[in-house]
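S.K.: Take this structure first; my questions come after.
The values are calculated or read from the model by the stated rules, or taken from the named source; none is laboratory data. No experiment lies behind these values; they were computed from the predicted model shown. Because the Cβ atoms are built from the backbone with ideal geometry, glycine has one as well, and the counts that use them run over all protein chains shown.
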Amino acid sequence: MTEQFSVGDHVRWNSEAGHVEGVVIKKHTHDVDYKGHTHHATESAPQYEIKSDKTDHIAMHKGSALTKI
């Protein structure tokens, strides 16, 4: 089972530009359309919206792509 995160958790993930850090701003437990794509999410496998610390960019990732810091 993937680690669960909460709003406000500080996390790190790997992007094309290298490792990025940010804060979880929303947890999705149902499918959500984001930037033209449907991201599948369930209670046991949620998707997280994260705001980058450096750029304020909003990204969406599965819990398996995130590491709590």
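S.K.: Can you tell which of H39, H28 is modelled with pLDDT under 95 and not basic (K, R)?
M.R.: Just one listed residue meets the conditions, H39.
S.K.: Follow-up. Does at least one position in segment 17-26 carry a residue that is more than 12 Å from the chain's Cα centre (by Cα) and surrounded by 12 or more Cβ atoms within 10 Å (Cβ to Cβ)?
M.R.: Within segment 17-26, not a single residue is more than 12 Å from the chain's Cα centre (by Cα) and surrounded by 12 or more Cβ atoms within 10 Å (Cβ to Cβ).
S.K.: Look through segment 4-25, keep the residues that are charged (D, E, K, R) and more than 12 Å from H61 (Cβ to Cβ), and return whichever of them is modelled with the lowest pLDDT.
M.R.: Across segment 4-25, the extreme among qualifying residues is E16.
S.K.: Where the second residue is modelled with pLDDT of 95 or more and of a type in the set (S, T, Y) and the first is over 13 Å from S15 (Cβ atoms) and surrounded by 13 or more Cβ atoms within 10 Å (Cβ to Cβ) and lies in segment 46-69, which pairs have Cβ atoms under 8 Å and are six or more apart or on separate chains?
M.R.: Matching pairs, first to second residue: P46/T29; K62/Y48; G63/Y48.
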